[in-house]
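Novice: Below is one structure. I have some questions about it.
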Amino acid sequence: MTLPLTKRSELLARLRDICLPLPECKEKLTWGNPTFVAGKKQFAVLDRYHDRWCIAFAVSSEKQSILLKRPGFFAAPYGAKYGWVCRDAEGRIGWKEMEKLIVESYRRVAMKRMLATLDAGNRA
């Protein structure tokens with residue numbers, strides 16, 4: 001059980017580095033999973049499906065179709081109809097791309113004032 005917890009810690013540290021600097025982002029536990037919210041809306045979750053770590057996030061339906069054709073991405077079991085996608089996090093992750101996808105997810109739920117603050121800081 002040590003290996004999965006170590007992997008979880010590594011993934012969570014990377015997600016925190018990406019998410020927590022975003023304006024008004026908070027981390028909370030939702031159904032036992034670290035969940036990052038902008039205001040009251042979720043935009044990224046560290047989860048475990050079929051005994052594998054994954055990172056869930058929301059994208060446009062067009063982007064979702066593209067991502068789901070790529071290896072390592074799959075439809076989020078409970079949120080696919082809302083644009084949620086999971087990235088298998090057991091293997092190598094392209095963190096630059098992952099950061100862009102997470103910031104895109106944040107942009108989908110953040111309020112105008114949050115986006116203005118984000119844009120003023122020139123992040124993604």
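Novice: Stretched out fully, how many nm does the piece from Ser61 to Thr117 gain, at 0.36 nm a residue minus the Cα gap?
Specialist: Full extension from Ser61 to Thr117 adds 17.6 nm.
Novice: Any chance you could give the angle, 0 to 90 degrees and rounded to 10, that helix 2-19 forms with the longest Cα principal axis of the chain?
Specialist: For 2-19 against the chain, the angle is about 10 degrees.
Novice: Please identify the chymotrypsin sites (Phe, Trp or Tyr not before Pro) of region 25-124 that satisfy two criteria: DSSP loop assignment and at most 13 other Cβ atoms within 10 Å. Which are they? Before the final figure, lay out each step's value.
Specialist: Values: sites: Trp31, Phe36, Phe43, Tyr49, Trp53, Phe57, Phe73, Phe74, Tyr78, Tyr82, Trp84, Trp95, Tyr106; in loops: Trp31, Tyr78.
For chymotrypsin sites (Phe, Trp or Tyr not before Pro) across region 25-124 that sit outside H, G, I, E and B with at most 13 neighbouring Cβ atoms in 10 Å, the list reads Trp31, Tyr78.
Novice: Express in % the proportion of alpha carbon pairs of region 35-84 at distances exceeding 18 Å.
Specialist: 29
Novice: Now for a different question. Find the relative contact order for the chain and round it to a whole percent, using C-alpha pairs within less than 8 Å whose residues are 6+ positions apart.
Specialist: Dividing the mean separation by the residue count of the chain yields 23 percent.
Novice: Helix-only mean residue ellipticity at 222 nm, the chain, DSSP H runs n ≥ 4 weighted -39,500 (n - 2.57), per residue, nearest 500. What is it? Spell out each step's value before the answer.
Specialist: Numbers: 4 runs with 50 residues, N = 124.
My calculation for the chain gives -12500 deg cm²/dmol from helical runs alone.
Novice: From the P(r) of the chain, could you give the percentage of C-alpha pairs in the tail past 25 Å?
Specialist: Details: 1432 of 7626 pairs.
Here the long-distance tail beyond 25 Å is 19 percent of all Cα pairs in the chain.
Novice: Please go through the residue pairs Lys69/Lys100; Lys40/Lys100; Lys7/Lys63; Lys41/Lys81; Lys7/Lys40; Lys69/Lys112 and name each one whose alpha carbons sit more than 24 Å apart in this structure. Present the calculation step by step, with values, prior to reporting the outcome.
Specialist: Values: Lys69/Lys100 18 Å; Lys40/Lys100 21 Å; Lys7/Lys63 27 Å; Lys41/Lys81 16 Å; Lys7/Lys40 27 Å; Lys69/Lys112 32 Å.
Cα-Cα > 24 Å for Lys7/Lys63; Lys7/Lys40; Lys69/Lys112; rest within.
Novice: With point charges of +1 on the Cβ of Lys and Arg and -1 on the Cβ of Asp and Glu, referenced to the Cα centre of region 1-86, which listed residue (Gly72, Gly32, Leu46) lies farthest in the positive direction of the dipole?
Specialist: Looking along the dipole axis, the top candidate is Gly72.
Laboratory data are not the source of any read-out in this text; all were calculated from the coordinates shown. These figures come from a predicted structure and were not determined experimentally. When we count neighbours, we look across all protein chains shown, and the Cβ atoms used for this are built from the backbone with ideal geometry, even at glycine.
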